[in-house]
1. On a straight-distance basis, which lysines could pair with Lys207 in a cross-link, Cα separation under 23 angstrom, same-chain partners fewer than 8 positions away excluded?
2. Going by a ≥ b ≥ c, the root eigenvalues of the Cα gyration tensor, does region 33-163 fall in the rounded group (a/c under 1.5), the prolate group (a/b larger than b/c) or the oblate group?
3. Starting from the Cα of Ala22, step 7 Å along the direction of its Cβ; do the same at Glu174; then give the gap between the two resulting points in nm.
4. Reported to two decimal places, what Rg/Rh ratio describes the chain when computed on Cα atoms with Rh from the Kirkwood expression?
5. Averaged over all directions, how much area does the convex hull of the C-alpha atoms of region 91-195 cover when projected, in nm²?
6. Starting from the Cα of Ala122, step 7 Å along the direction of its Cβ; do the same at Ile46; then give the gap between the two resulting points in nm.
7. How do Ile75, Ile46, Ile126, Ile193 line up, fewest other C-beta atoms within 10 Å first?
8. Would you mind telling me which residue in Gly113, Gly93, Gly64 has the biggest mean-square fluctuation in a Gaussian network model of the chain, where springs connect alpha carbons within a distance under 10 angstrom?
Amino acid sequence: MLDLYYWTTPNGHKITLFLEEAGLPYRLVPVNIGAGEQFRPEFLAIAPNNRIPALVDHAPADGGAPLSLFESGAILLYLAEKTGRFLPADLRGRQETLQWLFWQMAGLGPMLGQNHHFRQYAPEKIPYAITRYENETNRLYGVLDRRLADRPFVAGNEYTIADMAAYPWIVPHERQGQDLAQFPHVKRWFEAIGARPATARAYALAKTVNAAPTVTEDARRFLFGQTATTLRS
């Protein structure tokens, strides 16, 4: 059995996409990040960066004690290796997949996250910051569009963890100030993944956990107001 510590963010969706595709049994453990539940000691024991998602595998392959993991990319890689699915076994296919997984982790996710912050959550609308991250988001969409021009999925002909990592960050494209009509290859890929039954199940599950996402002032404090000092208190 797997325990998935989860909230309804793009990084959380990555893991439910995998689990629903693979048909693995798992227990969902909601961690309401707007209420500060990510700072509870029991969660920090498995996710020291106080971010979701986190995973506990109660039956790891080595037969030892339960194994806990944090960081969505590491979890996707672990699950792919555990199941032998969604990560090519051949040298070149594996490296293509991992490069694009890391591209999402290092570029697409952080830059689009800043886009979300300055467009939606920042108490002060700073034109320079909004423009900066809208433009970088647009550039990254262009990188993805070129990549998908001659292949159905990010790493080639097969659906992989690279697609699962990127897709949830494209879902809120309108809130990022992006028009998918400008990126026809991304649009085709996005619609194909959205039509997968496992994708529908993953996003339906999210609605049962957090039906009406809102960001209150308390949530802003938990999400954006933490420092090393506040975490020690």
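1. Answer for Lys207, where 23 Å is the Cα cut-off: Lys14, listed by chain and number.
2. Taking the square roots of the gyration eigenvalues as a ≥ b ≥ c, region 33-163 is oblate.
3. With each label placed 7 Å out from Cα toward Cβ, I get 3.3 nm.
4. Working: Rg = 17.8 Å, Rh = 18.6 Å.
Over the Cα atoms of the chain, Rg/Rh equals 0.96.
5. If you wrap the Cα atoms of region 91-195 in a convex hull and average its projections, you get 6.3 nm².
6. 3.5
7. Lowest to highest Cβ neighbour count: Ile126, Ile46, Ile193, Ile75.
8. Result: Gly64 has the largest fluctuation of those listed.
Bear in mind these aren't lab numbers, they're just calculated from the coordinates by the rules spelled out. Because the structure is a prediction, the values reported are computed rather than measured. For neighbour counting, all protein chains shown are included, and Cβ atoms are generated from backbone atoms with ideal geometry for every residue, glycine included.
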